[in-house]
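Some notes on the structure that comes next.
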């Protein structure tokens, strides 16, 4: 049947005495309509593209990568990798496996001068794993102190962003910058951190102890998916590197050295795609981490160090109570 249609079309075009031009065009139009209705001829529809060079595009593309262009749409990231210790004068050691997740959502915000933007709210967990067995660590056999340290996993709630807009402080529009390599976008962020340590004293400026670290994030994914205005979510692959001081629960007491973490992951289609170890740990100990905080969450951010401070303070308080009884 399809071949018959094509033959008829060719005859209409070639025949010198097959009627006037208008009739032939009409017949070809009818033929094309028949093909479309029959499902043999597909006319591609050009998807609307987000303009990366506009303020609106800056907001939309960031939302697609970080969360969704739809308000209140929960999204989940997962990552895994390893943590290493570096001490002067000795080889680096792989001391942890890493397995983490972040559950988040975005909501629209408005500013009289900057226009429409968005705010991200999230909470995250990262588990420290035995680097050989992959099991969740409960204690860490510290090779430098000889102690068995109780492991405090990362459980930061909330980890919220400040409102983000497509307009800079000077009123100029922002553009969304990325590298396009064979249809894949590449985006990198380096975030040096240096601020007052939540577990330090009041004189860090004078005697040291400030929190000093660097976070490095990389995103890559399909450019066509990212720029397609009809798709509210992009699904990037991510990588994360962290350079930082010893974790407080390691009780290193000022020993020379540092940690560096390296992990990769991606945005998942849904919560159920999380690794079983994460889902099990969340179900048992962190049930609220199945969903992000509310969009209007007013709380101050939790960091690994403020979270550990709360736990260590609680332990010390309990030890003091036991000592007095």
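The values are calculated or read from the model by the stated rules, or taken from the named source; none is laboratory data. The structure presented is a predicted model; accordingly, all values stated were derived computationally and were not measured. A quick note on method: Cβ atoms are made from the backbone with ideal geometry, for glycine too, and the neighbour counts reach across all protein chains shown.
Okay, here's what the table says:
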| quantity | calculated |
| --- | --- |
| Considering residues of the stretch 61-92 that are over 28 Å from residue 178 (Cβ atoms) and exposed (fewer than 15 other Cβ atoms within 10 Å of the Cβ) only, the residue farthest from the chain's Cα centre (by Cα) | 89 |
| Entirely in the stretch 211-325, the helices (runs of 4 or more DSSP H) that have 2 or more residues that are crowded, with 18+ Cβ neighbours inside 10 Å and modelled with pLDDT of 95 or more | 223-227, 276-285 |
| Every residue from the stretch 101-158 that is outside any strand (DSSP E or B) and more than 20 Å from residue 277 (Cα to Cα) | 112, 113, 114, 142, 143, 144, 145, 146, 147, 158 |
| Residues satisfying the stated conditions in the stretch 124-146, i.e. out of contact with any strand residue (DSSP E or B) (no Cβ under 9 Å at 6 or more places or on another chain) and loosely packed, with under 11 Cβ neighbours inside 10 Å | 146 |
| Qualifying residues in the stretch 176-210 (those that are in contact (Cβ under 8 Å) with a residue 40 or more places away in the chain and surrounded by 15 or more Cβ atoms within 10 Å (Cβ to Cβ)) - the one nearest to residue 310 (Cα to Cα) | 198 |
